[in-house]
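The values are calculated or read from the model by the stated rules, or taken from the named source; none is laboratory data. As the structure is a prediction and not an experimental result, all values here were calculated from the model. With ideal geometry, Cβ positions are generated from the backbone for all residues, glycine too; neighbour counts draw on all protein chains shown.
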């Protein structure tokens, strides 16, 4: 059983115990005094229980190459469990109520619940004493680890984003199958009208694919995935900067639910038009995630509005079957040429890893995180084991062709057996484009490797568009300033009071009314959408937006030192 907080902490105990594994254990004394230096040299065996709020279907209990090497270097094994549902929300709520916690946790947007429950250790002193590698990586961004202006404790170490990240490619936008692009002569795709025309022309020529009806456009509205493929795109196609459910006015930091922007109404009107024209799959709002991916892996879905991590499993199935032409290219589609698809950097911010009060040896835990944040740990996590996943030739790290082919064409099995990319969240890291002291990149995402990983079908398509990577088709990153407020999906909001109640009510309305508007007759669209906006205000959206605005201003002040009124 995971250690429980005593009742004196004021946390009610639930009768049912969480199905998480054992807490800190070691063949030696588990106390914080076990480790006596700041270098992580203690490699006596120890096991930490861990819960991750993201799914990790390739987790192999650290029996992969990278996992074995991590254990050899640190003595640490992880008894890990990963959420498979709603981003950890239900499980973490139960933890907060019961007092049952793992030793280490990746809580994503649910961190506030655990902080309020008194379950998370302030890592400030531990980092200062025992984490030299972490401090080196985060040296310019220590303020961004602080919880808030009012509570400047460090409860979470941001491991979801890389320091000094450069983007050499894009993995989102609007997607069109490569075979479609080729047959139609690689048409220009910059607006929703052009995107629609491509799908419409191709499906008219090919109403079936391998004996099944061809699907021009497919969305995934299963739970929170609806944000990714349905609602976020309303902001992205109209110049929004991707701040979750909100739009932030850059000059004033005023916020609003992004659905209230008049230009976004036109995006949902376009989806309504696509549905009524037979181009949007009629089952998009009733199917589950596995049904959505099954349709993609069948090869008959021409277009998507998503990101690779959301549909990648299905695309990899196509690649594994030798159907590279059925995979997708990425395009910066907007509602009109007056808008730009905003590739705005967030700086170092994002979800991260925390140590709970249940952990009996937080010093070993922070040293484990620190070792993974070292140059050696980062190279291992990103590149794998030397001699197995990469070689060094004339001082340069090189991935053999057969390894690259496995990574591209059989990514699930590759990750499961090598461990590459399975340990990203366990330590801070430098982003793509940063080189270590040997002159090699920390990550494998740099132009030469990206281009080498493209299939022949992708290379042919990019050459037709006079591009080397998909990013070349998008606006340049330096056209936009780094967000002063970072990643708002990671900003903690009140877990008590009216905010959560109002937010949940607005989410329920969004999940009900947006599909209703899209699936309505064109004559009823305006009436339904306008009633949707009125309904948001009736449940308190304006009060919530005002509170959120103040949180954003405080965050900008914390991150930048500005005095924001």
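Computed quantities for the displayed model
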| quantity | calculated |
| --- | --- |
| Test for residue 243: is it under 30 Å from residue 314 (Cα atoms), surrounded by 20 or more Cβ atoms within 10 Å (Cβ to Cβ) and within 20 Å of the chain's Cα centre (by Cα) | yes |
| Subset of region 243-271 [closer than 16 Å to residue 520 by Cβ and in contact with a strand residue (DSSP E or B) (Cβ under 8 Å, 6 or more places away or on another chain)] | 271 |
| Candidate set from region 35-46 (those that are over 17 Å from residue 427 (Cα atoms) and crowded, with 17+ Cβ neighbours inside 10 Å); member that is modelled with the highest pLDDT | 46 |
| Qualifying residue in region 121-129 (condition: touching a residue at least 60 places away in the same chain (Cβ under 8 Å), in contact with a helix residue (DSSP H, G or I) (Cβ under 7 Å, 6 or more places away or on another chain) and under 21 Å from residue 96 (Cα atoms)) | yes |
| Search result, residues across region 121-167 that are in a helix (DSSP H, G or I) and more than 19 Å from residue 555 (Cβ to Cβ) | 125, 126, 127, 128, 129, 130, 132, 133, 134, 135, 136, 137 |
| Region 478-516: number of residues that are surrounded by 17 or more Cβ atoms within 10 Å (Cβ to Cβ), outside any loop (DSSP other than H, G, I, E, B) and either in contact (Cβ under 8 Å) with a residue 40 or more places away in the chain or in the same structural domain as residue 233 (by TED's automatic domain parsing) (or both) | 11 |
| Residue among 257, 318, 280, 302 that is without any contact (Cβ under 8 Å) to a residue 40 or more places away in the chain and in contact with a helix residue (DSSP H, G or I) (Cβ under 9 Å, 6 or more places away or on another chain) | 318 |
| Test: residue 457 is part of a helix (DSSP H, G or I) and surrounded by fewer than 18 Cβ atoms within 10 Å (Cβ to Cβ) | no |
| Top-ranked residue of region 295-312 - restricted to ones that are within 22 Å of the chain's Cα centre (by Cα) and within 17 Å of residue 198 (Cβ to Cβ), ranked as surrounded by the fewest Cβ atoms within 10 Å (Cβ to Cβ) | 305 |
| Count - residues of region 460-477 that are touching a helix residue (DSSP H, G or I) at 6+ places or on another chain (Cβ under 7 Å) and outside any helix (DSSP H, G or I) | 4 |
| Restricting region 168-213 to residues that are in a loop (DSSP other than H, G, I, E, B), in contact with a helix residue (DSSP H, G or I) (Cβ under 7 Å, 6 or more places away or on another chain) and farther than 23 Å from residue 335 by Cβ, the residue that is modelled with the highest pLDDT | 169 |
| Region 102-115, subset at pLDDT below 95 and closer than 14 Å to residue 83 by Cα, residue surrounded by the fewest Cβ atoms within 10 Å (Cβ to Cβ) | 109 |
| Test: residue in region 229-244 that is assigned to a loop (DSSP other than H, G, I, E, B), at pLDDT 95 or above and outside the structural domain of residue 84 (by TED's automatic domain parsing) | yes |
| Check on residue 84, outside any helix (DSSP H, G or I), surrounded by fewer than 23 Cβ atoms within 10 Å (Cβ to Cβ), in contact (Cβ under 8 Å) with a residue 24 or more places away in the chain and in the same structural domain as residue 371 (by TED's automatic domain parsing) | yes |
| Residue within region 395-412 that is in a helix (DSSP H, G or I) and in contact with a strand residue (DSSP E or B) (Cβ under 6 Å, 6 or more places away or on another chain) present | no |
| Single condition residue 530 does not satisfy, out of (1) at pLDDT below 95; (2) surrounded by fewer than 18 Cβ atoms within 10 Å (Cβ to Cβ) | (1) |
| Filter result for the condition that a residue is modelled with pLDDT of 95 or more, surrounded by fewer than 20 Cβ atoms within 10 Å (Cβ to Cβ) and on the phi > 0 side of the Ramachandran plot, over 419, 433, 439, 384 | 439 |
| Residue match in region 365-381 (condition: in contact with a strand residue (DSSP E or B) (Cβ under 9 Å, 6 or more places away or on another chain), surrounded by 18 or more Cβ atoms within 10 Å (Cβ to Cβ) and part of a loop (DSSP other than H, G, I, E, B)) | no |
| Residue within region 325-333 that is within 20 Å of the chain's Cα centre (by Cα) and assigned to a loop (DSSP other than H, G, I, E, B) present | yes |
| Residues of region 223-240 classified as over 17 Å from the mean Cα position of the chain (by Cα) and surrounded by fewer than 20 Cβ atoms within 10 Å (Cβ to Cβ), total | 1 |
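Matching residues to (1) part of a loop (DSSP other than H, G, I, E, B); (2) within 15 Å of residue 232 (Cβ to Cβ):
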residue	(1), (2)
252	yes, no
264	no, yes
268	no, yes
272	no, no
292	no, no
296	no, no
